[in-house]
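Here the structure comes first, spelled out in structure tokens, and everything after it is commentary.
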Amino acid sequence: MDGNGRWAKSRGMPRTAGHRAGVEALRKTVRAVGELGIGWLTVYAFSSENWSRPASEVSDLMGLLKLFIRRDLAELHQNGVKVRIIGDRRNLTGDIRALLEEAEALTVDNTAMNLVIAFNYGARDEIARAAAKIARLAAAREMSPDQITEETFAAFTDTAGIPDPDLIIRTGGDQRLSNFLLWQAAYAELVFLPCYWPDFGRDDLLGAIETFSGRDRRFGGVAAQDVAS
């Protein structure tokens, strides 16, 4: 969900205004995804690198997270949305960690849709943490190196039990993953949009889905018609 700050700057507004507009775009997108019957939506809300931003901006982002959960959690729960948080929680403040845990606990039994929020998340950090968990088990002789496969490694990542993404959409014009779901995105289709996130709407979502539907997903193999010929 990229481009909040640039959206605000282009309008002569402070970056905080862009982040607030971005939260509204997120609300609309979650509703649209639910209406379209899509089972999983993962949003990159706050990266582990975002702590390097000015303290005032980080503080505003934390405030928006609190506002989103307090204002929207009841509606998400009412609509059957299950919330899951991925990312490193170890160094988060107690109030933020409690909010994240509350969102997960309240919605744990919901089945209509899954909303995964990547918060204090970085894909390289996730992979390193997963490797460290496996290393500790190996050192304690509770796991043999021969047991480490793609499947067993995935079970130690933040997204254990979550299907790999089929489609990754990035707004803002940049064409890179920026440390997002590097392990899981091996065969994801990527769609890069020039619009800033606050301008992202249902039509943009439908356009990205249409683009995805036209892709030939071979997963390292060959297309069926090529096999036949």
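The values are calculated or read from the model by the stated rules, or taken from the named source; none is laboratory data. Computed from a prediction, not measured in an experiment: that's the story for all the values here. We place every Cβ from the backbone using ideal geometry, glycine too, and count neighbours over all the protein chains shown. Quick note on the areas: whole protein, heavy atoms, side chains included, nothing else; ligands and nucleic acids left out. Shrake-Rupley method; radii C 1.70, N 1.55, O 1.52, S 1.80 Å.
Being in a helix (DSSP H, G or I), under 18 Å from ALA45 (Cα atoms), free of Cβ contacts under 8 Å to residues at least 24 places away in the same chain and of a type outside the set (Asp, Glu), is that true of even one residue in region 217-224? No, the conditions are met nowhere in region 217-224. Scanning region 161-182 for residues that are within 24 Å of ASN50 (Cα to Cα), more than 14 Å from the chain's Cα centre (by Cα) and not charged (D, E, K, R) returns GLY172, GLY173, GLN175. Considering only residues that are part of a loop (DSSP other than H, G, I, E, B), open to solvent by less than 70 Å² (accessible area, probe 1.4 Å) and either within 18 Å of GLY3 (Cα to Cα) or charged (D, E, K, R) (or both), which ones fall in region 160-196? The answer is THR171, GLY172, GLY173, ASP174, LEU177, SER178, ASN179, PHE180, LEU193, CYS195, TYR196. For first residues located in region 148-165 and within 18 Å of ASN114 (Cα to Cα), partners that are assigned to a loop (DSSP other than H, G, I, E, B) and open to solvent by 50 Å² or more (accessible area, probe 1.4 Å) and lie 6+ apart or on another chain with Cβ distances below 7 Å form the pairs THR157/TRP183. For the criterion of being surrounded by fewer than 19 Cβ atoms within 10 Å (Cβ to Cβ), of a type in the set (Val, Ile, Thr) and not in a helix (DSSP H, G or I), VAL43 passes. Going through (1) of a type in the set (Gly, Ala, Ser); (2) open to solvent by 20 Å² or more (accessible area, probe 1.4 Å); (3) modelled with pLDDT of 95 or more one by one, GLY94 falls short only on (3).
Taking region 25-56, which residues are over 27 Å from ALA185 (Cβ atoms) and not hydroxyl-bearing (Ser, Thr, Tyr)? Hits for region 25-56 are PRO54, ALA55. In the set (1) in contact with a strand residue (DSSP E or B) (Cβ under 8 Å, 6 or more places away or on another chain); (2) of a type outside the set (Gly, Ala, Ser); (3) within 22 Å of TRP183 (Cβ to Cβ), VAL81 fails one condition alone, (3).
Selection within region 60-97: residues that are among the acidic types (Asp, Glu) and in contact with a helix residue (DSSP H, G or I) (Cβ under 7 Å, 6 or more places away or on another chain). The member of this set that is nearest to LYS28 (Cα to Cα) is ASP72.
Considered as a group, the residues in region 9-35 that are of a type in the set (A, V, I, L, M, F, W, C) and more than 16 Å from the chain's Cα centre (by Cα) include one that is least open to solvent (accessible area, probe 1.4 Å), and that residue is ALA32. Does region 197-213 include one or more residues that are touching a residue at least 12 places away in the same chain (Cβ under 8 Å), part of a loop (DSSP other than H, G, I, E, B) and open to solvent by less than 30 Å² (accessible area, probe 1.4 Å)? Looking for residues that are touching a residue at least 12 places away in the same chain (Cβ under 8 Å), part of a loop (DSSP other than H, G, I, E, B) and open to solvent by less than 30 Å² (accessible area, probe 1.4 Å), one finds at least one in region 197-213, hence yes. THR111 meets each of the listed conditions (1) outside any helix (DSSP H, G or I); (2) open to solvent by less than 80 Å² (accessible area, probe 1.4 Å) apart from (2).
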